[in-house]
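These notes concern the structure reproduced below.
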């Protein structure tokens, strides 16, 4: 198991990158993105998760988050476990045209690790980087908000609905975000 990029101080905010195994582009489908949104909203409401920024891309999720109860690792573990089960269930029961291929990739990934059962959706890492300064926070926030622009999905960060860029532009986003004093909108 990797020892780098771990959540060490459970009470500090972290920049997290949670990626799908083999970089499978699963979040090109709205129903899977909505599972992520619903689960983050649940964690905010019921697990005292503070989200300062997020973006859901086709094969990974970036978060700047903190636990109000001092258990960020546990909250992220539960989030990944729940979303994995729900997304796999949706793949198996839904009309996913790529279901056989995706399940094959997720089954193959699970076979590489003893702690998995049938399928592995997420990698075991969270690529956690502690937010150690306001400058670092802004840098990571700008990076994640620019992701959809770099991917050619939108022209302006706040146009992408699966991102906290809307919140920082003074608009309502899909997830309540603890914004810092930095309201902006691309002109």
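The values are calculated or read from the model by the stated rules, or taken from the named source; none is laboratory data. Everything quoted here is computed from the prediction, not taken from an experiment. Note: ideal-geometry Cβ built from the backbone for every residue, glycine included; neighbour counts use all protein chains shown.
Residues are listed down the side, and each one gets a yes or a no for (1) closer than 27 Å to residue 98 by Cβ; (2) in contact (Cβ under 8 Å) with a residue 24 or more places away in the chain:
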position	(1), (2)
9	no, yes
35	yes, yes
38	yes, no
69	no, no
83	yes, yes
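Any chance you could count how many residues in segment 20-35 are part of a loop (DSSP other than H, G, I, E, B) and either closer than 19 Å to residue 144 by Cα or in contact with a helix residue (DSSP H, G or I) (Cβ under 6 Å, 6 or more places away or on another chain) (or both)? Total satisfying the criteria: 2.
The rows are residues; the columns are (1) modelled with pLDDT under 95; (2) farther than 19 Å from residue 174 by Cβ; (3) buried (at least 20 other Cβ atoms within 10 Å of the Cβ).
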{"residue": "62", "(1), (2), (3)": "no, no, yes"}
{"residue": "67", "(1), (2), (3)": "no, yes, yes"}
{"residue": "70", "(1), (2), (3)": "yes, yes, no"}
{"residue": "78", "(1), (2), (3)": "no, yes, no"}
{"residue": "84", "(1), (2), (3)": "no, yes, no"}
{"residue": "94", "(1), (2), (3)": "yes, yes, no"}
{"residue": "100", "(1), (2), (3)": "yes, yes, no"}
{"residue": "104", "(1), (2), (3)": "yes, yes, no"}
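With respect to (1) out of contact with any helix residue (DSSP H, G or I) (no Cβ under 8 Å at 6 or more places or on another chain); (2) at pLDDT 90 or above; (3) not in a helix (DSSP H, G or I), the lone exception for residue 115 is condition (2). Evaluated against (1) part of a loop (DSSP other than H, G, I, E, B); (2) out of contact with any strand residue (DSSP E or B) (no Cβ under 8 Å at 6 or more places or on another chain), residue 38 falls short on exactly one condition, (1).
Condition check ((1) in a helix (DSSP H, G or I); (2) over 15 Å from the mean Cα position of the chain (by Cα); (3) touching a residue at least 12 places away in the same chain (Cβ under 8 Å); (4) under 22 Å from residue 43 (Cα atoms)) across all residues:
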position	(1), (2), (3), (4)
132	no, yes, no, no
140	yes, no, yes, yes
145	yes, no, yes, yes
148	yes, no, yes, no
181	no, yes, no, no
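Before we move on, is residue 141 surrounded by 13 or more Cβ atoms within 10 Å (Cβ to Cβ), at pLDDT 95 or above, in contact with a strand residue (DSSP E or B) (Cβ under 8 Å, 6 or more places away or on another chain) and within 16 Å of residue 62 (Cα to Cα)? Taking the combined requirement at face value, the residue satisfies it.
Note on segment 1-19: residues that are buried (at least 17 other Cβ atoms within 10 Å of the Cβ) and either assigned to a loop (DSSP other than H, G, I, E, B) or modelled with pLDDT under 90 (or both) total 2.
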